[in-house]
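Let me begin by presenting the structure, written as structure tokens, before commenting on it.
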Amino acid sequence: MKPRRLRNVAAQTALIPSWLIVIFAYIGTIAWTIRISFTSSGIFPHYDWVGLKQYDRLFDSHRWVVSVQNLAIFGVIFIVGCLVLGFLLAVFLDQKIRGEGILRTLFLYPYAMSFIVTGLVWQWILNPTLGIEQAMHAWGWSSFSFDWLARGDRAIYLVAFAGIWQSAGLVMAILLAGLRGIDEDLWKAARVDGIPAWRIYLSVVIPMLSGMFVTALVLLGIAVVKVYDLVVAMTGGGPGISTEVPAKFVIDYLFNRQNVALATAAASVMFVAVFVVVGPWLYSQYLRRRPGEAS
Amino acid sequence: MARSVPQSRKITFTIIAWLVALLIFFPILWTFLTSFKTEGEAVAVPPHFLFFDWTSVNYEQVWDRSNYPLFFLNSVVISIGSTVLGLVVAIPAAWAMAFSPTKHTKDVLMWMLSTKMLPAVGVLVPIYLFLRNVGLLDTRIALVVIMMLINLPIIVWMLFTYFKEIPGDILEAARMDGATLGKEIVYILTPMAIPGIASTLLLNVILAWNEAFWTINLTASNAAPLTAFIASFSAPEGLFYAKLSAASTMAIAPILILGWFSQKQLVRGLTFGAVK
């Protein structure tokens with residue numbers, strides 16, 4: 001009995017470094033961030049108490065409101081776009097086509113590029129004075145005009161588009177693995193009954209892949225909350241403040257405007273928002289496993 | 001048993017799929033081609049696709065005139081250093097959770113993974129101020145540690161899914177034969193765990209290599225990796241189009257090459273083992 005107990009003690013000891021790191025790096029920093037958001041800190045944090053003053057200022061700030069709206073627009077288009085395009089690509093690749101291995105890699109390649117490179121490349125291509133527009137003019141289509149990147153009311157859609165280009169391959173890879181797991185008999189049965197393929201996909205296959213869709217959704221959601229480098233590389237938040245996002249807001253107030261308290265208030269709002277969205281999902285995961293699972 | 005797809009439909013799908021692939025791959029290809037053009041050629045209207053004078057002058061200039069070698073070295077040190085450090089911390093933890101699970105193991109894993117969903121900006125403020133106070137801003141060592149912290153949940157989770165697949169019976173048998181804990185780890189566990197560890201290493205090097213949020217905000221010049229270097233070009237106005245393409249190509253080439261060999265592991269890792 002003794003060696004076994006030794007093993008268990010060793011095992012629990014082995015967990016300690018990870019625990020300490022996660023507790024320090026996440027819980028500690030979050031608690032500190034929330035605490036500072038209730039102060040009047042400037043360049044340096046100090047520990048007075050001004051209540052919700054920073055939050056009042058935050059929501060009075062036009063730029064913050066624009067940032068939040070942009071995040072919502074980006075998030076919806078990006079997630080829906082990635083799921084739809086990723087699913088279509090996966091269905092294409094599941095048709096026993098030639099060169100599937102190479103195609104899969106090509107579809108996935110954008111994902112191996114950082115958001116920085118993604119943003120830069122698309123910035124060139126979509127830039128009205130450099131990219132597609134000039135090429136079209138040179139090829140004789142002189143009325144061609146595509147200046148969304150320079151338009152405050154449209155640029156955010158292009159940012160979302162570049163994001164979809166980068167991440168759709170990941171969704172494709174996840175869903176393709178799911179499609180491969182589907183029983184061939186399903187297709188035979190469908191053919192015998194004369195049901196068109198698109199109906200099978202819509203009413204049988206997609207529900208069967210719900211687990212894969214959730215995994216993809218969580219990964220895309222993480223990317224939405226994190227979105228920063230794509231915007232920095234592609235538009236720098238412009239034109240004007242039209243493509244600002246919350247993460248960039250926090251960083252600008254931290255570095256350029258030297259207002260730690262407002263930056264932490266904005267970050268705290270993001271924490272709460274993520275918690276409200278992710279909390280129920282985690283809770284359902286937790287509950288679903290409860291009844292009689294050993295490990 | 002292969003599903004039979006009608007020949008005509010198969011050809012249609014193949015053509016469409018290749019066209020889509022070309023469309024998706026085009027920006028990467030275009031960057032690559034532009035990097036071999038002169039600056040004048042790069043902004044030529046109409047653009048020349050393949051028939052231009054190929055030149056390597058951009059690569060030479062980027063290499064010689066900027067601090068490119070330093071940025072490259074920083075990328076290598078930060079991505080590999082943070083991954084190795086992460087493995088040192090994570091291997092014992094994943095091993096413990098996979099082979100001596102308690103009834104809370106799943107919760108612990110879930111909880112660790114959920115930290116990945118938190119917005120990084122919230123964690124940035126205290127970490128930035130802390131580094132500033134101790135004078136570690138813009139140092140490689142700080143970046144190595146920070147990147148390790150950021151990726152640790154993924155490393156633990158990935159290793160856990162790989163370790164889980166090692167049959168516990170073999171370890172049990174070794175114990176029956178009187179193997180000590182040390183021998184068990186060195187002779188049995190390690191050889192079986194190497195492929196999983198290698199995949200984890202690969203994925204995290206790629207993730208750390210591409211990470212921009214932390215590197216842009218915590219470095220200035222000394223410890224800045226390639227992502228920060230390229231980000232500093234973000235308003236080229238057509239002046240350094242070709243050179244920037246060369247720099248970008250050099251920045252993404254290692255990842256594209258690694259990615260070609262490791263796409264399966266990449267997908268598996270990115271989905272936390274949900275996709276095998």
Hits in segment A:80-100 (condition: closer than 11 Å to A:Arg180 by Cα and assigned to a helix (DSSP H, G or I)): A:Ala90, A:Val91, A:Leu93
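Is it fair to say B:Tyr162 is hydroxyl-bearing (Ser, Thr, Tyr), within 11 Å of chain A (Cβ to nearest Cβ) and either out of contact with any strand residue (DSSP E or B) (no Cβ under 9 Å at 6 or more places or on another chain) or assigned to a helix (DSSP H, G or I) (or both)?
Working: hydroxyl-bearing (Ser, Thr, Tyr): yes; within 11 Å of chain A (Cβ to nearest Cβ): no; either out of contact with any strand residue (DSSP E or B) (no Cβ under 9 Å at 6 or more places or on another chain) or assigned to a helix (DSSP H, G or I) (or both): yes.
No; evaluated as a whole, the condition is false for this residue.
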I need the full set of residues from segment A:65-102 which are away from every other protein chain (no Cβ under 11 Å) and free of Cβ contacts under 8 Å to residues at least 40 places away in the same chain, in order please. A:Val65, A:Gln69, A:Ala72, A:Val76, A:Val80, A:Val84
Long-range neighbours under 6 Å by Cβ, at least six apart or interchain, first residue without any contact (Cβ under 8 Å) to a residue 60 or more places away in the chain within segment A:133-155, second assigned to a loop (DSSP other than H, G, I, E, B) and open to solvent by less than 50 Å² (accessible area, probe 1.4 Å): A:Ala135/B:Pro46; A:Ala135/B:Pro47; A:Met136/A:Phe144; A:Ala138/B:Pro46; A:Trp139/B:Pro46; A:Asp147/A:Pro128
Only one of A:Ala162, A:Ala155 is away from every other protein chain (no Cβ under 12 Å), under 23 Å from the mean Cα position of the chain (by Cα) and over 19 Å from B:Ala42 (Cα atoms), namely A:Ala155
If you go through segment B:107-128 one residue at a time, do you hit one that is assigned to a loop (DSSP other than H, G, I, E, B), more than 7 Å from chain A (Cβ to nearest Cβ) and either of a type in the set (D, E, K, R) or surrounded by fewer than 19 Cβ atoms within 10 Å (Cβ to Cβ) (or both)? no
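How many residues are among the aromatic types (Phe, Trp, Tyr), surrounded by 11 or more Cβ atoms within 10 Å (Cβ to Cβ) and assigned to a loop (DSSP other than H, G, I, E, B) when one looks only at segment B:6-53? Walk me through it before giving the result.
Initially, segment B:6-53 is screened for residues among the aromatic types (Phe, Trp, Tyr), giving B:13, B:18, B:25-26, B:30, B:32, B:36, B:49, B:51-52.
After this cut, where a residue has to be surrounded by 11 or more Cβ atoms within 10 Å (Cβ to Cβ) as well, the list is B:13, B:18, B:25-26, B:30, B:32, B:36, B:52.
Next, only the ones that are assigned to a loop (DSSP other than H, G, I, E, B) stay: B:36, B:52.
Number satisfying all stated conditions: 2.
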Top-ranked residue of segment A:44-90 - restricted to ones that are farther than 23 Å from B:Tyr128 by Cβ and among the polar types (S, T, N, Q), ranked as surrounded by the fewest Cβ atoms within 10 Å (Cβ to Cβ): A:Gln69
Name the one entry in A:Val214, A:Val224, A:Val204 that is modelled with pLDDT under 85 and under 14 Å from the mean Cα position of the chain (by Cα). A:Val214
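Is it the case that some residue within segment B:143-152 is within 13 Å of chain A (Cβ to nearest Cβ), of a type outside the set (A, V, I, L, M, F, W, C) and touching a residue at least 12 places away in the same chain (Cβ under 8 Å)?
Narrowing segment B:143-152 to residues within 13 Å of chain A (Cβ to nearest Cβ): B:145-152.
From what is left, the residues that are of a type outside the set (A, V, I, L, M, F, W, C) are B:151.
From what is left, the residues that are touching a residue at least 12 places away in the same chain (Cβ under 8 Å) are B:151.
Within segment B:143-152, one or more residues are within 13 Å of chain A (Cβ to nearest Cβ), of a type outside the set (A, V, I, L, M, F, W, C) and touching a residue at least 12 places away in the same chain (Cβ under 8 Å).
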So which residues in segment A:225-244 are surrounded by 21 or more Cβ atoms within 10 Å (Cβ to Cβ), farther than 20 Å from B:Tyr128 by Cα and not charged (D, E, K, R), if there are any at all? A:Leu230, A:Val231, A:Ala233, A:Met234, A:Thr235, A:Gly237, A:Thr243
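The values are calculated or read from the model by the stated rules, or taken from the named source; none is laboratory data. Just so it is clear, the model here is predicted, and its values are computed rather than measured. Using ideal geometry, Cβ is built from the backbone for each residue, glycine included, and neighbour counts are taken over all protein chains shown. Please note that ligands, DNA and RNA were not included when accessible areas were found on the heavy atoms of the full protein model with its side chains. Shrake-Rupley method; radii C 1.70, N 1.55, O 1.52, S 1.80 Å.
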